[in-house]
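Encoded as structure tokens, the structure appears first; notes follow it.
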Amino acid sequence: MALDEVGAAVVAAWCSDLERLRADRQTWRSLAYLRGEDERGYECDLHELARARALWTLQYASTPEDLPLLRFLLGQEATARSEDPFQGCGEELELAGLLVAEHRQVHDVALQWQAKTANFDTWCGYDLAFVLAGGVEDTVAFVRAGALEDREALLQRITGEQGGPAMSQEDVDAWLVATRERFPRDPADEAPWTWMDRLRRLGDGDGARHYLRLWAVELPQDNPHALGGLQRELAEFGDFTEAADVQRRVLALIQGPDARAAGLRRLAELTRLSGDFTTAWQSLQDSLGHLDDQPGWRDAGLGRSFIEEHFLLAAAATDDSLARIVLDAGHRYAGTVPRLPLSMLEVAVRAAVRVGDADLAWHYRTVCDTERRRIEAGLG
């Protein structure tokens with residue numbers, strides 16, 4: 001099967017579920033927000049993936065008759081965002097908002113406002129164009145004339161300081177067009193990584209991996225950005241050796257000290273994850289050769305990730321002498337960087353314990369405790 005045919009085949013398989021939803025509203029209950037716990041004991045929405053699959057199908061196959069179902073799905077996504085302890089906005093909320101907005105019904109303003117106000121992240125990230133999708137002037141007039149819940153706050157947000165609309169109709173239309181380009185109607189126009197991510201989320205690892213193999217065959221071999229995407233997807237599947245091989249091809253195509261330092265640090269990470277600890281150590285040393293040409297690299301994100309990779313490698317290395325050498329190097333660099341992040345300090349503790357250096361483990365535990373107290377004081 002060709003790459004551009006895979007998405008259509010997946011959607012065709014999903015459409016059988018969509019037909020059931022269209023035929024029987026009672027089945028919508030399987031898509032409603034349902035609070036529960038995942039296998040790790042964390043609070044979650046037990047119907048999140050079922051609802052996402054329905055939305056993904058409707059992205060490609062919705063009809064005008066699906067508006068009631070789309071409204072239901074948007075309402076459930078808004079409820080999920082308001083109930084999620086981690087808040088967030090999320091692709092599915094935006095997709096549901098778009099599919100409702102495309103019907104251009106002014107009466108959907110309250111539903112879109114519910115999504116906009118679900119939490120702090122949606123307030124910032126869920127675009128006002130969704131709220132005004134029924135027509136800017138018509139929506140403002142509808143809200144002014146109506147008795148909607150939260151009417152004053154809604155009216156204040158959709159109007160400017162002079163009482164006019166907060167967005168022009170042209171801006172709303174342009175936003176909806178641009179958003180639809182992010183969520184194409186034709187499955188063949190979907191980004192490859194979107195299919196892989198969706199199939200993985202649904203637990204279809206074999207399908208996602210098959211898609212990845214088809215994509216890899218068609219990928220331009222002289223494009224470092226495309227190869228970088230392939231490398232990341234391979235790593236997502238745990239194919240670290242193959243991902244490292246692709247990363248070597250990326251390195252052969254990129255120039256500049258920053259890019260090469262970052263590429264070599266990534267190669268060190270991938271080879272560490274594949275169990276090739278000697279190559280990982282060599283890649284870190286090669287990365288340093290490019291970092292040394294950059295003043296202030298220890299204060300940059302790349303410099304900090306370079307130091308953290310030392311601790312991760314020292315904790316993972318099976319050879320005691322290599323682990324000791326890598327830990328000493330990481331500790332030496334860490335001493336030149338102020339206020340290391342807590343996550344890195346915790347890895348440093350693990351590395352010191354792995355090497356059997358009780359004094360260094362105590363040192364990093366002490367620094368960890370100090371950083372935790374600083375964070376707690378800031379939150380308080």
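What's the number of the condition Glu102 fails, among (1) at pLDDT 95 or above; (2) crowded, with 19+ Cβ neighbours inside 10 Å; (3) acidic (Asp, Glu)?
Going through (1) at pLDDT 95 or above; (2) crowded, with 19+ Cβ neighbours inside 10 Å; (3) acidic (Asp, Glu) one by one, Glu102 breaks only (2).
Is it the case that some residue within the range 19-38 is closer than 21 Å to Lys116 by Cα, among the polar types (S, T, N, Q) and in contact with a Leu (Cβ under 8 Å, 6 or more places away or on another chain)?
No, the range 19-38 contains no residue that is closer than 21 Å to Lys116 by Cα, among the polar types (S, T, N, Q) and in contact with a Leu (Cβ under 8 Å, 6 or more places away or on another chain).
Just the residues that are closer than 25 Å to Phe183 by Cα and touching a residue at least 24 places away in the same chain (Cβ under 8 Å), please, taken from the range 29-46.
Answer for the range 29-46, where residues must be closer than 25 Å to Phe183 by Cα and touching a residue at least 24 places away in the same chain (Cβ under 8 Å): Leu31, Ala32, Tyr33, Asp45.
Taking the conditions exactly as written (outside any helix (DSSP H, G or I) and surrounded by 18 or more Cβ atoms within 10 Å (Cβ to Cβ)), does Leu340 satisfy them or not?
Considered against the rule, which asks whether it is outside any helix (DSSP H, G or I) and surrounded by 18 or more Cβ atoms within 10 Å (Cβ to Cβ), Leu340 comes out as yes.
I'd like the full set of residues that are part of a loop (DSSP other than H, G, I, E, B) and aromatic (Phe, Trp, Tyr), limited to the range 1-58.
Matches in the range 1-58: Tyr33, Tyr42.
Can you report the number of residues in the range 177-211 which are surrounded by 20 or more Cβ atoms within 10 Å (Cβ to Cβ) and either among the hydrophobic types (A, V, I, L, M, F, W, C) or assigned to a helix (DSSP H, G or I) (or both)?
8
Taking Arg81, is it farther than 30 Å from Asp206 by Cβ, touching a strand residue (DSSP E or B) at 6+ places or on another chain (Cβ under 7 Å) and of a type in the set (Lys, Arg)?
No: the conditions fail for Arg81.
For the range 72-82, does any single residue satisfy the condition of being under 30 Å from Val140 (Cβ atoms) and surrounded by fewer than 16 Cβ atoms within 10 Å (Cβ to Cβ)?
Scanning the range 72-82, I find at least one residue that is under 30 Å from Val140 (Cβ atoms) and surrounded by fewer than 16 Cβ atoms within 10 Å (Cβ to Cβ), so the answer is yes.
Within the range 343-380, which residues are outside any helix (DSSP H, G or I) and under 16 Å from Leu313 (Cα atoms)?
Within the range 343-380, Gly356, Asp357 qualify.
Considering only residues that are of a type outside the set (Gly, Ala, Ser) and surrounded by fewer than 14 Cβ atoms within 10 Å (Cβ to Cβ), look in the range 278-301 and name the one that is farthest from Ala317 (Cα to Cα).
Pro295
Which residue pairs have Cβ atoms under 7 Å apart, sit 6 or more places apart or on different chains, and have a first residue in the range 117-135 that is in the same structural domain as Met167 (by TED's automatic domain parsing) and a second that is part of a loop (DSSP other than H, G, I, E, B) and of a type in the set (Lys, Arg)?
Ala133/Arg104; Gly134/Arg104; Gly135/Arg104
Out of the range 189-210, which residues are touching a residue at least 12 places away in the same chain (Cβ under 8 Å) and more than 20 Å from the chain's Cα centre (by Cα)?
Gly207, His210 - these are the residues of the range 189-210 that are touching a residue at least 12 places away in the same chain (Cβ under 8 Å) and more than 20 Å from the chain's Cα centre (by Cα).
So, of the residues in the range 31-67 that are surrounded by fewer than 15 Cβ atoms within 10 Å (Cβ to Cβ) and among the hydroxyl-bearing types (Ser, Thr, Tyr), which turns out to be nearest to the chain's Cα centre (by Cα)?
So the residue we want is Tyr42.
So Gly275 passes all but one of these: (1) over 26 Å from Asp239 (Cα atoms); (2) within 29 Å of the chain's Cα centre (by Cα); (3) exposed (fewer than 15 other Cβ atoms within 10 Å of the Cβ). Which condition number does it fail?
(1)
The values are calculated or read from the model by the stated rules, or taken from the named source; none is laboratory data. No experiment lies behind these values; they were computed from the predicted model shown. Note that we place each Cβ from the backbone using ideal geometry, even for glycine, and neighbour counts take in every protein chain shown.
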